[in-house]
């Protein structure tokens, strides 16, 4: 993880609070945001207690302008045990998660396109996101029934 502005205390990451992580397409890494500031960049990071968020108005702007903007990502607590905990306990149980604003209204499991809103453990690595499926993902909800205000 490459921390930014280390001399400024506002840029210190508080591991006891949630962060928001999104794919930075310009730097080809994951940007870690807390308190409205991008505090670090990472090639790989793990989260726990994670929710996947899509800003509806941001998605509508992408659809309208046909131009990408930051409007979706993962929110959760940084897993300070990171790689060791993930590789030993979770890797074999994980499924890849994806989001494409032109195809989906929310994050979905890549394998069968069922919605993914929450996961107890998430790994963001390279261009991929892996999540542990659980009861909070609503596996039987068809995408057509997920509410949105406008297409």
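We did not get these values from a lab; they are worked out from the coordinates using the rules stated. Values in this document were obtained by computation on a predicted structure and should not be read as measured data. Methodologically, a virtual Cβ is constructed for each residue, glycine included, from the backbone with ideal geometry; neighbour enumeration extends over all protein chains shown.
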Can you give me the C-alpha center-to-center distance between the range 1-15 and the range 30-69, rounded to a whole angstrom?
18 Å
Could you line up 118, 77 from fewest to most neighbouring Cβ atoms inside 10 Å?
77, 118
Calculated FRET efficiency for the pair residue 44/residue 16, C-beta based, R₀ 25 Å, to 0.05:
0.70
Neighbour-count order for 78, 132, fewest beta carbons within 10 angstrom listed first:
132, 78
Need the full-extension length gain, residue 93 to residue 61, defined as separation in residues times 0.36 nm minus the C-alpha distance. One decimal, nm.
8.0 nm
